[in-house]
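Here is the structure we will look at.
Readers should treat all values here as calculations from the given coordinates under stated rules, not as data from a laboratory. Remember, it's a predicted structure, so these values are computed and weren't measured experimentally. Here the Cβ is made from the backbone with ideal geometry for all residues, glycine too, and neighbour counts use every protein chain on show.
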Amino acid sequence: MLILLPPSEGKAAPRRGKPLDLAGLDFAPLTAARGRVLDALVELCEGDPDVAAKTLGIGSTQLDLVELNRGLRGNPTARADQVYTGVLYDALDVATLSTAAKRRATARLAVTSSLFGLVRPSDRIPAYRLSGDTTLPGLGAVAGVWREELGEVITDAVGSGLLVDLRSGTYVAFWRPAGVRAATVRVLHEHQGTRKVVSHFNKATKGRIVRALLEAGADPRTPGRLADALRDLGWVVEVDGSRLDVVVSEL
C-alpha cells in the first residue's frame, strides 16, 4: 500500500541540520527534475523580491518566505514529517506512533511536493514556499513538470498493492492514477441531514485515518477492502467505485 498525502502550505523551518542533498532523497529517478525546480525557484528568489512574491502568490508582508527560498541549497534540513505542519499532520502525529507504525509510515507514506515531487517522511528537506499552482519563470507550471515525472515512479512504488490517494485538488493535477489499483478518499461532514466537504474536518479526519491504518497494520489491496478496514476502525464509509466517502458528524 502507498498512501499519497498532500503537503502543508505552512512548514516548520529547521534551526539546525545538514543542508539539502537531493541525491539522498528517496524516489531517486526524480533527482534531475528536483534539481530543475530547485534551480528555477532559487533563481526567482535571488532577483527582485516583489516579483518573486507576486509569482509565488504571497503578500508584501511575507518577503521572509522569498528569503527562505533564496537560501534553499544551504538551509538546514529535517525529516519531512517534522517540516510539514498543519491540521492533517497534527492529527497524524508521526512522532507518537508506535515503533511498528513508524516503520510502516516510512515504507507506506509519500507526500506530494511542489519542490521535490514526492518525499518520504524520513527524507530530510528544508522548509520552502512553493504552491502547486505556481508557474516558475524559465520552467513553466510546476504541476506540468511533475505530471511528466511521477507516473512511473508512483507505479513502481505501488507495485501490486493499493494506492490510497488523499491529495487535495491542486496536487491531484500533478498525476492522476493510471495503471495502478487506486482508491481516493473524500471526507464529508454531515450536519442536520446535509453533507459537505469542510476543510478542517477533511484534513483532521484524513490524518486520523492514516494514523489508524498504520497502527492497525492494515494493508488492503482493493478499495472495498480499504472500506472494510476503515469500518472495522470505527468510521462510516460509503463506496462509489474507487472513491470512498468517509462521513463524520463531529471532529
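The calculated FRET efficiency for the pair Glu148 and Gln192, based on their C-beta separation and a Förster distance of 41 Å, comes to about 0.35. Bridge orientation summary for the chain: considering DSSP beta bridges with both residues in this region, about 50 percent are antiparallel. Considering helices alone, the calculated mean residue ellipticity of the chain at 222 nm is -11000 deg cm²/dmol, with DSSP H runs of length four and up weighted by -39500 (n - 2.57) and normalised per residue.
Pairs of Cα atoms nearer than 8 Å and 6+ residues apart set the relative contact order; for the stretch 102-243 it is 17 percent. Across the chain, the mean sequence separation of Cα contacts (distance under 8 Å, 6 or more residues apart), normalised by length, yields a relative contact order of 24 percent.
Less than 5 angstrom separates the built amide H of Leu118 from those of Ser113, all sequence-distant by 5 or more or on a different chain. In a fully extended conformation the segment linking Arg231 and Ser199 would gain 9.3 nm over its present Cα-Cα distance, using 0.36 nm per residue. If R0 is 35 Å, what FRET efficiency do you get for Ala23 and Asp50 from their C-beta distance, rounded to 0.05? Result of the calculation: an efficiency of 0.55.
The relative contact order of the stretch 109-157 comes to 25 percent, based on Cα pairs under 8 Å that sit 6 or more residues apart. The residue among Ser114, Gly138, Gly17 whose Cα reaches farthest toward the positive pole of the charge dipole of the stretch 2-248, with charges on the beta-carbon of Lys, Arg, Asp and Glu, is Gly17. Counted residue by residue at 0.36 nm each, then reduced by the alpha carbon distance between them, the extension gain from Thr155 to Asp240 reaches 28.3 nm.
For the chain, the dipole from Cβ point charges (+1 on Lys and Arg, -1 on Asp and Glu) about the Cα centre works out to 500 debye, to the nearest 20. Highest-first packing order for the peptide set 54-63, 106-115, 165-174 is 106-115, 165-174, 54-63, based on the mean count of other beta carbon atoms within 10 Å.
Between helix 223-232 and the chain there is an angle of about 70 degrees, using the helix long axis and the longest principal axis of the Cα atoms.
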